[in-house]
Amino acid sequence: MTGSRRSRRVVVRVRRSFGVEIEIDGTSRTTDSVDVGLGGVCVRTDADDGLAVDTAVSLTLRIPSSEPVRATGRVCWRDDGEGEAGIQFDVVAPDDLLRLAQWLRSEI
């Protein structure tokens with residue numbers, strides 16, 4: 001099939017700080033978000049937090065004015081200079097994804 005796409009995919013990320021509980025191998029810690037979108041979340045990091053690239057995590061996003069959003073994901077990048085790490089969502093239940101999408105829509 002030939003031709004060009006008429007529209008480009010739009011990636012929405014909202015810069016907003018809220019609590020994010022991260023569980024790695026049964027150990028939980030809480031940090032803050034930097035930004036979030038439907039595909040993942042950027043969080044604040046510490047030197048000894050265990051968030052190495054490719055680490056599998058379970059997340060609870062405490063988005064404002066909503067029930068928590070739960071997901072599993074994987075750390076896909078880390079910037080120790082900025083104190084941030086990006087976590088790509090692997091699995092988000094449909095109800096959680098809908099709640100996140102509705103919240104994102106209300107923030108833009």
Among PRO68, ILE24, ILE108 the positive-end extreme of the charge dipole of the chain (Cβ point charges): ILE108
With +1 on the Cβ of every Lys and Arg and -1 on the Cβ of every Asp and Glu, the dipole magnitude of the chain about its Cα centre, in debye rounded to the nearest 20, is 900 debye
Can you tally the net charge around GLY81? Count Lys and Arg as +1, Asp and Glu as -1, for every other residue whose Cβ sits under 14 Å from the Cβ of GLY81. -3
Mean Cα-pair separation over length for the range 14-103, i.e. relative contact order, pairs under 8 Å, 6 or more apart, %: 26 percent
With Cα coordinates, the longest principal axis of the chain makes an angle with the long axis of helix 94-107, in degrees rounded to 10, of 80 degrees
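What relative contact order, as a whole-number percentage, does the range 55-108 give when Cα pairs under 8 Å and 6 or more residues apart are counted?
30 percent
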State the label only: which of [x] 29, 21, 16; [y] 25, 17, 14; [z] 29, 16, 11 corresponds to semi-axes √(5λ) of the Cα gyration tensor in Å computed from the shown model? [y]
Using the Cβ atoms and a cut-off under 9 Å, what net charge is assigned to the surroundings of VAL57, where Lys and Arg are +1 and Asp and Glu are -1? 0
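Computed from the coordinates by the stated procedures, all read-outs in this text should not be read as laboratory data. Quantities reported herein were computed from a predicted structural model and do not represent experimental measurements. When we count neighbours, we look across all protein chains shown, and the Cβ atoms used for this are built from the backbone with ideal geometry, even at glycine.
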